[in-house]
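Engineer: Here it is, the structure in full.
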Amino acid sequence: MMADRFYPSHGTGAMNHIEIAENEDRIEIPVLAPHFSSHKFPWHQVFGYVFSMALTAIAFLLVINQMLPVASLVFVVIVLAVVQAAIQFGVFMHLRESRGMAWQMLVLGLGGFIALCVVAGSIWIMMFKSGVS
Amino acid sequence: MSQTLSKLAREQELPLEFADYHESIKITGFWIFLTTDLVLFSCLFATFAVMRYDYANGPTPLHLFHMTPLIVETALLLTSSFTCSLAIYQSRRQNKNGALSWLILTILLGMGFVGTEVHEFVSYVNSGATWHQSGFLSAFFTLVGTHGSHVTFGIFWALTLVAQLVQRGITPRTSRKLYTFALYWHFLDIVWVFIFSFVYLSNMTGGKMV
């Protein structure tokens, strides 16, 4: 059984097993160190919700009342969305929670980079459409 | 830098879903799935960005979109994300009934979201704005519809979790399943933030950008 390897007290030659288990959880990249938080009251969740609702309300009010010129309005709405996404990844999705290194941060960073290239690249290349059609 | 904690000491302070080695690997695997889903949505967003002014004499966003259903959908989904995070909070405190209540509330809010969205889509189709009409509408229905079908799938997934929590209580396995469901649900909420910002609000400003 695979699982026995990680429960050294159940087998013989326990010292070897402990060494293996500790290496599995070693933190070689400090940025990816895991982080957990626990409180008697879900402050993080409430903070995340209030912040999300506030950012969303600002975006809606800006558009409903047309409070800025169109170009800067779109820019501000997108920036608000990016800020809100960052807060939700950190607060609701516990991005830094992990056993051993939080590899998901690296994987998600790669995915985010691909997403940014695909979307921003498409928008950028379409700016030249009026030049050729 | 290398920090090595005693394995047993660490397992005692880890939440159930991480204390079990195999369950913790499944969580990392689920993050990798979510990343592929992120790339999928980015392709649909890019398609929408390219097609969003191709109205083909059909309706434009200003004709089509209304604030009321958009505000209702956004409020429902944001709140469901919050209640879902509270379900995880309660499962970490070994409070089965608390986790179940917040999960069921999450499901109800999700159903409200899907219901409002279906109603919105039906009203578009009834006014002649089908996805055959224009490039803008094809891209719109594909992007927002893919998100909506993800939410619908999430509702059925959550219903199976309710049954498992009732039967088995909070174990390393059920808490991991609840945790991955929460990751999925919050991720869909983040996708929705970009949908209401980039698809709806940005195109309801009355001007043309780029």
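Engineer: If you check B:T142 against the conditions, is it closer than 17 Å to B:F65 by Cα and not in a helix (DSSP H, G or I)? Write out each step before concluding.
Structural biologist: Working: closer than 17 Å to B:F65 by Cα: yes; not in a helix (DSSP H, G or I): no.
So B:T142 fails the test.
Engineer: Consider B:F140 carefully, then state whether it is under 20 Å from the mean Cα position of the chain (by Cα), open to solvent by less than 60 Å² (accessible area, probe 1.4 Å), within 18 Å of B:A75 (Cα to Cα) and not charged (D, E, K, R). Break it down into steps so the answer makes sense when it comes.
Structural biologist: Working: under 20 Å from the mean Cα position of the chain (by Cα): yes; open to solvent by less than 60 Å² (accessible area, probe 1.4 Å): yes; within 18 Å of B:A75 (Cα to Cα): no; not charged (D, E, K, R): yes.
No; evaluated as a whole, the condition is false for this residue.
Engineer: Something else now. One residue is enough: does segment B:23-38 have a residue meeting the conditions surrounded by 15 or more Cβ atoms within 10 Å (Cβ to Cβ), more than 20 Å from the chain's Cα centre (by Cα) and modelled with pLDDT under 95?
Structural biologist: Yes, there is a match, as at least one residue in segment B:23-38 is surrounded by 15 or more Cβ atoms within 10 Å (Cβ to Cβ), more than 20 Å from the chain's Cα centre (by Cα) and modelled with pLDDT under 95.
Engineer: Please go through segment A:51-67 and pick out each residue that is surrounded by fewer than 15 Cβ atoms within 10 Å (Cβ to Cβ), facing another protein chain (nearest Cβ under 8 Å) and farther than 10 Å from B:L201 by Cα.
Structural biologist: A:Q66
Engineer: Name the residue, out of B:A129, B:A99, B:A49, B:A75, that is within 16 Å of the chain's Cα centre (by Cα), aliphatic (A, V, I, L, M) and surrounded by 15 or more Cβ atoms within 10 Å (Cβ to Cβ). So that I can check it myself, show each step before the final result.
Structural biologist: Numbers: B:A129 fails: within 16 Å of the chain's Cα centre (by Cα); B:A99 fails: within 16 Å of the chain's Cα centre (by Cα); B:A49 fails: within 16 Å of the chain's Cα centre (by Cα).
Residue meeting the stated conditions: B:A75.
Engineer: For segment A:77-133, what are the residues that are more than 20 Å from B:V199 (Cβ to Cβ), at the interface with another protein chain (Cβ under 9 Å from one of its Cβ atoms) and in contact with a Gly (Cβ under 9 Å, 6 or more places away or on another chain)?
Structural biologist: Within segment A:77-133, A:V91, A:F92 meet the criteria.
Engineer: Yes or no: B:A139 modelled with pLDDT of 95 or more and under 26 Å from A:S122 (Cα atoms)?
Structural biologist: The answer is yes for B:A139.
Engineer: Which one of A:I123, A:I114 is modelled with pLDDT of 95 or more, outside the structural domain of A:V50 (by TED's automatic domain parsing) and open to solvent by 30 Å² or more (accessible area, probe 1.4 Å)? Explain how you work it out, then say what you get.
Structural biologist: Numbers: A:I123 fails: modelled with pLDDT of 95 or more.
It is A:I114.
The values are calculated or read from the model by the stated rules, or taken from the named source; none is laboratory data. This one's a predicted model, so the numbers in the text were calculated from it and none came from an experiment. Note: ideal-geometry Cβ built from the backbone for every residue, glycine included; neighbour counts use all protein chains shown. All accessible areas refer to the heavy atoms of the entire protein, side chains included, with ligands and DNA or RNA removed. Shrake-Rupley method; radii C 1.70, N 1.55, O 1.52, S 1.80 Å.
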